[in-house]
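The values are calculated or read from the model by the stated rules, or taken from the named source; none is laboratory data. As the structure is a computational prediction, the values presented were derived from the model and not from experiment. Neighbour counts run over all protein chains shown; Cβ positions are idealised from the backbone, glycine included.
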Amino acid sequence: MRSALSRKYLSLSSTSAIASIAGIACAIVSPAVADEIGYDALVARLGGTGVPTGAGIRIGQVEASTNAANPAYYGPDQVNAEFVGKTFSAQSGAPQVSSHATFVAQQLYGNTTSVARGVTLIYLWEASSFINSNLRYGAGSTVAPLTPPSTALKIYNNSWIGGTSGGPTPNAVDLEILRRADFAMNRDDTIYTVGCNNGATSVTYPLMAMGYHGLSVGLTSGGHSHGDVPAAGDGPGRQKPEIVAPGTATSWATPVVGACAALLFETAATHPSVSLNPNADETVVIKAALMAGATHRAGWTNNPQTSGPLRGVTVKPLDTTYGVDVVNIDRGHQILTGAEHNGAATSAAATTLVPPAGWDFEQIAVAATRYWKFRVVQTVSELSVVASWHRTQTNSVSVPTVANIDLTLFRVGADGITLEPLEGEAGAIHYTQGNVASRSPVDNVEHLYVKGLAPGDYMIEVKRTGSMVGLPPFSIAWHMPAPSFSIADLNQDGVVDGLDMTVILSNWLGTGAGDINADGIVDGIDLTYVLSGWTA
């Protein structure tokens with residue numbers, strides 16, 4: 001007989017804030033929040049047309065009961081005006097109203113309080129019920145977690161914390177629950193947004209922040225637990241949280257990230273650049289896009305070495321407090337709609353230039369590499385690149401294995417072929433700050449963040465190291481501000497005109513000047529760049 005996880009080990013990630021929100025009925029999305037997470041920029045860039053709302057995406061809301069004696073107090077107030085037009089499907093029995101669940105719901109899918117106001121169908125779980133009945137904790141290795149009640153259910157929001165040890169050291173129960181959650185996310189292409197503890201302390205509760213596949217969320221203020229997964233956990237030394245969002249408690253920040261994820265899942269299903277690509281809604285793609293698109297504020301660092309032969313190299317891909325920093329839906333949307341661009345197996349084969357924002361989803365073998373080439377036509381303020389992948393599990397309770405992947409940025413030499421290392425003192429002349437190599441031995445994410453990158457051609461390298469067998473899929477996502485000069489503006493005079501056409505025609509079928517897509521020949525493809533970018 002399996003043992004049930006007791007509710008006494010579960011609590012809200014914002015317990016101290018419950019009283020302060022009990023009387024809230026409606027709160028318009030704060031202009032400061034909309035600006036901080038890039039939502040205003042998204043609306044402005046799209047001209048108010050085709051702005052995603054999460055329409056068609058279903059969300060799971062998992063809540064710890066606010067009544068210690070009664071697990072039924074786990075649901076939002078369904079008659080609240082914020083939820084007009086919403087349909088709720090209770091999965092843990094008839095819910096009583098929880099003020100905590102109501103406020104989480106407002107941030108996650110509220111009609112005026114969430115950026116994902118288009119979400120209309122929500123599944124509700126009480127946390128202990130979710131662990132026992134949905135993840136099927138304790139049922140044995142042959143019994144997998146339940147599949148989602150709908151294929152459109154893509155996000156499970158977890159604004160609660162827990163652990164059977166009552167402290168920072170996970171035990172066998174915690175590890176099984178985390179493994180089951182990761183197994184389900186990998187199988188179902190879903191993502192869990194999970195709140196870290198409140199309070200600027202080390203990571204103290206394993207559930208659910210110590211998992212691999214979800215997004216652990218902290219606060220922009222830094223008032224959340226942070227640190228490495230402890231020795232008793234799977235993958236000790238991994239960094240948490242991965243991302244932060246505005247809010248006075250992590251319970252409120254977590255659904256902000258969940259709402260942003262809903263917008264990207266909708267985009268994957270409907271935007272013409274990606275809607276026909278089945279890779280676009282892969283969990284690791286959405287995760288990588290959100291992380292690579294984050295706003296890195298002043299003072300953010302993943303602590304690369306600042307001198308010597310390893311200058312620019314880090315083994316800790318994230319900031320110790322803020323992860324990749326503040327979720328930015330506009331940049332995440334730019335990345336996803338920048339479309340998939342397949343990496344080349346060798347640097348010599350990576351001849352086609354990728355755009356300033358984009359992504360890829362691939363499988364990679366041991367010792368294999370992938371390359372993406374891009375061009376900087378004028379110094380760019382920042383470049384952000386994230387690689388993310390899942391751990392491998394033979395079943396939902398097995399001890400997982402994790403591939404080791406390194407992420408490195410190179411400069412392409414004047415011959416257009418040679419890769420010049422940017423790490424070390426010699427490479428530092430090409431950028432002003434940041435890291436050009438990310439080589440964590442334990443994390444399932446690597447992150448490059450480079451400021452002041454000088455003009456030139458560059459190559460992103462993903463390299464799989466170690467000896468773990470299998471072909472784990474990974475995603476890579478990148479973002480840099482679009483150059484003010486088009487790559488077709490060959491003389492960089494601010495317009496694409498006859499002078500640029502002259503460069504193409506004078507070197508027709510040659511190499512070098514006019515080879516806009518860097519495939520080794522000036523031809524019709526390069527001419528198309530000029531014609532499509534014509535501004536004169």
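At-a-glance table
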read-out: From the options Pro145, Pro149, residue that is assigned by TED's automatic domain parsing to the domain that holds Val104, within 16 Å of Gly211 (Cα to Cα), at pLDDT 95 or above and assigned to a loop (DSSP other than H, G, I, E, B); value: Pro145
read-out: Qualifying residues in segment 89-135 (those that are touching a Cys at 6+ places or on another chain (Cβ under 9 Å) and surrounded by 22 or more Cβ atoms within 10 Å (Cβ to Cβ)) - the one nearest to Gly162 (Cα to Cα); value: Gln106
read-out: Tally, over segment 269-282, of residues that are surrounded by fewer than 24 Cβ atoms within 10 Å (Cβ to Cβ), in contact (Cβ under 8 Å) with a residue 40 or more places away in the chain and either over 22 Å from Leu153 (Cβ atoms) or of a type outside the set (Asp, Glu) (or both); value: 7
read-out: Hits in segment 465-479 (condition: surrounded by fewer than 21 Cβ atoms within 10 Å (Cβ to Cβ) and modelled with pLDDT of 90 or more); value: Thr465, Pro473
read-out: Matching residues in segment 424-444 - criterion: being among the charged types (D, E, K, R) and touching a Ser or Thr at 6+ places or on another chain (Cβ under 8 Å); value: Glu425, Arg439
read-out: Inter-residue pairs, beta-carbon under 6 Å, first free of Cβ contacts under 8 Å to residues at least 40 places away in the same chain and in segment 41-54, second β-branched (Val, Ile, Thr) and assigned to a helix (DSSP H, G or I), 6+ apart; value: Val51/Val43
read-out: Residues located in segment 198-224, provided they are among the hydroxyl-bearing types (Ser, Thr, Tyr) and either modelled with pLDDT under 95 or out of contact with any Ser or Thr (no Cβ under 9 Å at 6 or more places or on another chain) (or both); value: Thr201, Ser202, Thr204, Tyr205, Tyr212, Thr220
read-out: Restricting segment 420-458 to residues that are outside any strand (DSSP E or B) and polar (S, T, N, Q), the residue that is farthest from Leu409 (Cα to Cα); value: Asn444
read-out: Residue check for Glu446: under 27 Å from Trp300 (Cβ atoms) and exposed (fewer than 14 other Cβ atoms within 10 Å of the Cβ); value: no
read-out: Answer from Ser381, Ser388 - the residue that is part of a strand (DSSP E or B), under 24 Å from the mean Cα position of the chain (by Cα) and loosely packed, with under 14 Cβ neighbours inside 10 Å; value: Ser381
read-out: Every residue from segment 89-105 that is closer than 21 Å to Gly195 by Cβ, within 28 Å of the chain's Cα centre (by Cα) and not in a loop (DSSP other than H, G, I, E, B); value: His100, Ala101, Thr102, Phe103, Val104, Ala105
read-out: Selected residue [at pLDDT 85 or above, of a type in the set (A, V, I, L, M, F, W, C) and in contact with a strand residue (DSSP E or B) (Cβ under 9 Å, 6 or more places away or on another chain)] from Val450, Val522; value: Val450
read-out: Pick from segment 210-231, criterion among the hydroxyl-bearing types (Ser, Thr, Tyr) and out of contact with any strand residue (DSSP E or B) (no Cβ under 8 Å at 6 or more places or on another chain), ranking: surrounded by the most Cβ atoms within 10 Å (Cβ to Cβ); value: Tyr212
read-out: Looking only at segment 37-88, and only at residues there that are under 22 Å from Gly338 (Cα atoms) and β-branched (Val, Ile, Thr), the one that is surrounded by the most Cβ atoms within 10 Å (Cβ to Cβ); value: Ile57
read-out: Residue within segment 44-51 that is basic (Lys, Arg) and at pLDDT below 95 present; value: yes
read-out: Residue match in segment 241-256 (condition: surrounded by fewer than 21 Cβ atoms within 10 Å (Cβ to Cβ) and outside the structural domain of Gly427 (by TED's automatic domain parsing)); value: yes
read-out: Residue in segment 398-411 that is out of contact with any Pro (no Cβ under 8 Å at 6 or more places or on another chain), buried (at least 23 other Cβ atoms within 10 Å of the Cβ) and within 30 Å of Asp174 (Cα to Cα) present; value: yes
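Table: residues versus (1) modelled with pLDDT of 95 or more; (2) in a loop (DSSP other than H, G, I, E, B); (3) under 29 Å from the mean Cα position of the chain (by Cα).
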site	(1), (2), (3)
Ala27	no, yes, yes
Ala34	no, no, yes
Thr53	yes, yes, yes
Val62	yes, no, yes
Tyr73	yes, yes, no
Gln107	yes, no, yes
Tyr123	yes, no, yes
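Quick grid of which residues meet (1) part of a loop (DSSP other than H, G, I, E, B); (2) among the small types (Gly, Ala, Ser); (3) touching a residue at least 24 places away in the same chain (Cβ under 8 Å):
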site	(1), (2), (3)
Gly299	yes, yes, no
Gln305	yes, no, no
Thr351	yes, no, yes
Gly358	no, yes, yes
Ala365	yes, yes, yes
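Every residue, every condition in (1) over 13 Å from the mean Cα position of the chain (by Cα); (2) farther than 19 Å from Gly56 by Cβ, yes or no:
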site: Ala245; (1), (2): no, yes
site: His271; (1), (2): yes, no
site: Ala288; (1), (2): no, yes
site: Gly312; (1), (2): yes, yes
site: Tyr322; (1), (2): yes, yes
site: Leu336; (1), (2): no, no
site: Asn342; (1), (2): yes, yes
